[in-house]
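Scroll down for the structure; my scribbles are underneath it.
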Amino acid sequence: MSAHKHINKVKKIVAFANSKGGVSKTSTCLGVASCCAELGYKTLVVDLDHQANLSDDVGRGDEDYTITDLFENPKFDINKIVYPALDNGNAISNLWVVPADITLAVEARAAERFRHRLHIIEDGLKKLKQDFDICFFDCRPAIDLTIENALLLSDMVVIPVNMDKRATKGINDLFEVTKEIKRTDDFMSLIVKTMFDRRNKVMIRAIEEELSNKGWKVANSVVSVSESFKQATKYNRPFTSFANDSRQHNELRALANELLDSLQVEGRRFNLVVEEDGVACGA
């Protein structure tokens, strides 16, 4: 059963979360969302990080109304903060965003006073006038009211981990919070290896061994390290537009396929082939 059975306007919801920063969470979340839009799925991305990097990357970093308004006033009309995502000022087909701003963290703390504080986003999404096939939450690297709202609604929690010796730090805590919020330990989760450098074989073996020992489900797809992610951010553009058909774009397409399959979403998939080194390429 869907975690959000009362929200008729959104079919599937995925939260990208990790209490550890610097793991390419925002880039991966936006990359997968862009790939879903590329396939023709009506896709909504909700920026829940007060740094608003995702909002900047889709040309919506300076809007007058943002997700902060919903936490400030849970009766706020969410339709006023659903904007078409932009690339160089042009609307991206099938992709919309609810942006964030720097005051979100403060307002989220203040919203703790509301009786139904865990349902602020849920109640907002119920009022959507537009239908969406899938919604992605880009959560901030901390446990607060915004991420609790997101975890409660999500059909799947995706945890990006980079190839670092501290990569898995905090994941157990995230899972414990998810169990507490959802009141069950029966929820879908997926670890995604990001900033993946195939040359660092020793670190890869160490991280993969640790993930295996934990028994967590790990995605078959990886997202390789690339300077193009930084360059795309520099120019405030979605990576999949900035580095179209690149190796990493195809890896994000493969990850999108994997998520859609796991969520049992009917419809199109990318036609990809996997080379000997595991790299996904367009067929």
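Points to keep in mind about this one:
- Sequence-distant residues sharing a close amide H with F136 (under 5 Å, placed H): V14, L44, V45, V46
- Dipole in debye (nearest 20) - region 187-265, about Cα centre, beta carbon charges: Lys, Arg +1; Asp, Glu -1: 240
- Relative contact order for the chain, counting Cα pairs under 8 Å that sit 6 or more residues apart, in percent: 25
- Counting charges near V106 (Lys, Arg +1; Asp, Glu -1) among other residues having Cβ under 12 Å from its Cβ returns a value of -4.
- Nearest 10 degrees, 0 to 90: helix 247-262 Cα axis against the chain principal axis: 60
- A 1.4 Å probe run over region 128-243, with the rest of the protein chains in place, finds 48 Å² accessible per residue.
- Under-5 Å amide H pairs with I191, H placed in peptide plane, nonlocal only: I159, K217, V218, A219
- Each peptide in 19-27, 80-88 was scored by the mean count of other Cβ atoms within 10 Å over its residues; highest first, the order is 19-27, 80-88.
- Under 17 Å from K201, Cα to Cα: aspartates and glutamates that are on another chain or at least 8 residues apart: D164, E209, E210, E276, D277
- Protection proxy ranking, peptides 175-186, 192-203, 96-107, average beta carbon neighbours within 10 Å, highest first: 96-107, 192-203, 175-186
- Rel. contact order, % - alpha carbon contacts under 8 angstrom, at least six apart, region 128-246: 22
- For region 165-283, the fraction of 1.4 Å probe accessible surface lying on carbon and sulfur atoms is 44 percent.
- Cβ-derived FRET efficiency at R0 35 Å, M203 paired with K129, nearest 0.05: 0.15
- Bridgeable aspartates and glutamates around K75 (alpha carbons under 12 Å apart, same-chain partners fewer than 8 residues away excluded): E122, D123.
- Net dipole in debye of region 119-159 [+1 Lys, Arg Cβ; -1 Asp, Glu Cβ; about Cα centre; nearest 20]: 140
- Near N162, the amide H atoms lying under 5 Å from its own belong to T194; only residues 5 or more places off or on other chains count, and H is placed 1.01 Å from N.
- Pairs of Lys residues in region 90-198 that lie 8 or more places apart, or on two chains, and have C-alpha atoms under 28 angstrom apart add up to 12.
- When both region 1-71 and region 220-273 are represented by their alpha-carbon centers, they are found 15 Å apart.
The values are calculated or read from the model by the stated rules, or taken from the named source; none is laboratory data. Not measured: the values here are computed from a predicted model. Heads up, the Cβs are rebuilt from the backbone with ideal geometry, glycines too, and the neighbour counts pull from every protein chain shown. Quick note on the areas: whole protein, heavy atoms, side chains included, nothing else; ligands and nucleic acids left out. Shrake-Rupley method; radii C 1.70, N 1.55, O 1.52, S 1.80 Å.
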